[in-house]
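Reading through the structure tokens given below for one structure.
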Amino acid sequence: MKFTYSWLKEHLAPTASFDEIVERLSLIGLAMEGVEDKAKILAPFVVGEVLTASKHPNADKLQVCTVSIGKGQPIQVVCGAPNARAGIKTVFAAPGTVIPTNGMELKIGKIRDVESSGMLCS
């Protein structure tokens, strides 16, 4: 049987951490086949706001976006999403982030001569 962390927190001490809940379940004799902390896997993904979106100078289906992630300077990202526009909030992944489904690590790169420093999912 699978339980979500949020469901367990409703029925156990709401201030307990993930690790404390796992330990308490073991101490009361519940056998657990495995524990997955999906939050750790997704922690590098943050909400970003597209500040500007303009046509890529060398590609018809790409846009060059500036994205704010709430800290530091805005980041330039080359994006292929047709719905990317100024004001939209979307998921941002910085260089070094590993995509959980395929293990690919994001890196800074140039896409058709324009530098991209992350990935947007919109």
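The values are calculated or read from the model by the stated rules, or taken from the named source; none is laboratory data. Please read these numbers as outputs of a predicted model, since none were measured by experiment. Positions of Cβ are generated from backbone atoms using ideal geometry, with glycine treated the same way; all protein chains shown enter the neighbour counts. Note: accessible area is taken over every heavy atom of the protein model, side chains too, but ligands, DNA and RNA are not part of it. Shrake-Rupley method; radii C 1.70, N 1.55, O 1.52, S 1.80 Å.
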Discussion item. Criterion first (modelled with pLDDT of 85 or more and out of contact with any strand residue (DSSP E or B) (no Cβ under 6 Å at 6 or more places or on another chain)) does Ala13 satisfy it?
Written reply: no
Response to the item:
Note on the range 26-54: residues under 11 Å from the mean Cα position of the chain (by Cα) and either surrounded by 13 or more Cβ atoms within 10 Å (Cβ to Cβ) or part of a helix (DSSP H, G or I) (or both) are Ala39, Lys40, Ile41, Leu42, Pro44, Phe45, Val46, Gly48
Response to the item:
Scanning the range 35-54 for residues that are small (Gly, Ala, Ser), modelled with pLDDT of 85 or more and closer than 20 Å to Tyr5 by Cα gives Ala43
Discussion item. Looking only at the range 63-98, filter to residues that are in a strand (DSSP E or B), touching a residue at least 24 places away in the same chain (Cβ under 8 Å) and in contact with a Gly (Cβ under 8 Å, 6 or more places away or on another chain); which one of those is farthest from Gly48 (Cα to Cα)?
Written reply: Val77
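I want to confirm something. Restricting to the range 88-104 and keeping residues that are out of contact with any helix residue (DSSP H, G or I) (no Cβ under 9 Å at 6 or more places or on another chain) and among the β-branched types (Val, Ile, Thr), which single residue is farthest from Leu42 (Cα to Cα)?
Of all residues in the range 88-104, those out of contact with any helix residue (DSSP H, G or I) (no Cβ under 9 Å at 6 or more places or on another chain) come to 88-97, 99, 101-104.
Now narrow it down to the ones that are among the β-branched types (Val, Ile, Thr): 88, 90-91, 97, 99, 101.
Working: Ile88: 20, Thr90: 14, Val91: 11, Thr97: 9, Ile99: 9, Thr101: 11 Å.
Only one residue tops the list, namely Ile88.
Could you list all residues from the range 1-11 that are over 14 Å from Lys38 (Cα atoms), exposed (fewer than 14 other Cβ atoms within 10 Å of the Cβ) and of a type outside the set (Asp, Glu)?
Across the range 1-11, the qualifying residues are Met1, Trp7, His11.
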Worksheet entry | Answer residue from the range 78-92, given it is within 18 Å of Glu105 (Cα to Cα) and modelled with pLDDT of 90 or more and is most open to solvent (accessible area, probe 1.4 Å) among those | Val91
Worksheet item: Can you name the residue in the range 93-113 that is closer than 26 Å to Lys38 by Cα and among the hydrophobic types (A, V, I, L, M, F, W, C) and is also least open to solvent (accessible area, probe 1.4 Å) among such residues?
Response: Ala93
